[in-house]
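To start, the structure under review is shown below, and the notes come after it.
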Amino acid sequence: MPHATPRKSLRRTNADLHGSAPDKSEIALIIVDVINDLDFPEAKQLARFIPALADSIARLKRRAKAAGVPVIYVNDNFGRWRSDFRALIEHCRKGKSRSLIEKLYPERDDYFVLKPKHSGFFSSTLETLLRYLGARRLIITGIAGNFCVLFTANDAYMRDYELAVPSDCVISNTAKENKEALQLMKRYLKADTRLSRRITFGRRS
């Protein structure tokens, strides 16, 4: 009769997803759908908000990495089911969003998760990655505040994560829609919506 593998041994063997998740941090910065070709009807409405968004997220990302906080890009595949993440980046760099991609280009030590629908948690590897990182607090940024950011934040809240959604790091089609989404996340998801410069990272776990 084969011997059962001790549970402790399994935890040790899979402690870092076989080398794919070496970081350990109670905080993770999530960047939603910024790898984007902006090829949809509402893109013109979003375009006016993108330069400020890119600058704000880039500054927050630099601070996060300096504090040892892992950065996770969570992105739609935009129907490109035969593409990997790098191919998606190169596709988007050729279009209207070149300046956005260049400001927020993923670095070699960043993580990425492809999602098929609005929420970063739906049918994706995000929850598994966060568990191995040991994350309990999520800072969620990106596009769009009233859709993919909201759905991702909602699913994070249901999984008992502490949330921050910095108001200058999220955009929607209109300022009104963005404000309403932020108010909803603050009131019902207990999200901290203060400006990104006031976000603190604390100690790495």
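Filter the GluC sites (Glu not before Pro) in segment 99-184 down to the DSSP loop ones having no more than 10 other Cβ atoms within 10 Å, then list what survives.
The qualifying sites are GLU107.
For segment 123-205, what is the accessible area per residue in Å², given a 1.4 Å probe and the full set of protein chains?
51
What does the charge count around ASN173 come to, taking other residues whose C-beta lies under 14 Å from its C-beta (Lys +1, Arg +1, Asp -1, Glu -1)?
Result for the neighbourhood of ASN173: 0.
How far, in nm, would the chain grow between ASP109 and ALA58 when pulled straight, counting 0.36 nm per residue and subtracting the alpha carbon separation?
16.8 nm
What pairs in LYS44/LYS65; LYS24/LYS117; LYS44/LYS186; LYS61/LYS115; LYS61/LYS176; LYS65/LYS117 have C-alpha atoms more than 24 Å from each other? Working shown, then result.
Details: LYS44/LYS65 31 Å; LYS24/LYS117 27 Å; LYS44/LYS186 27 Å; LYS61/LYS115 21 Å; LYS61/LYS176 26 Å; LYS65/LYS117 28 Å.
Correct reply: LYS44/LYS65; LYS24/LYS117; LYS44/LYS186; LYS61/LYS176; LYS65/LYS117.
How much of the accessible area of segment 117-194, in percent, comes from carbon and sulfur atoms when a 1.4 Å probe is used?
Taking all protein chains in place, segment 117-194 shows 53 percent carbon and sulfur surface.
May I ask you to work out the translational diffusion coefficient for segment 152-198 at 10 °C, viscosity 1.306 mPa s, via Stokes-Einstein with Rh from the Kirkwood sum over Cα pairs, reported in whole µm²/s?
D = 147 µm²/s.
Rounded to the nearest Å, what's the spacing between the alpha carbon centres of segment 113-129 and segment 178-202? Just the number, please.
21
Counting alpha carbon pairs within less than 8 Å and at least 6 residues apart, what relative contact order, in whole percent, applies to segment 136-205?
35
The values are calculated or read from the model by the stated rules, or taken from the named source; none is laboratory data. Just so it is clear, the structure is predicted and the values come from calculations on it, not from any experiment. Glycine gets a Cβ as well: all are built from the backbone with ideal geometry, and neighbour counts include every protein chain shown. These accessible areas exclude ligands, DNA and RNA; they are computed on the full protein's heavy atoms, side chains included. Shrake-Rupley method; radii C 1.70, N 1.55, O 1.52, S 1.80 Å.
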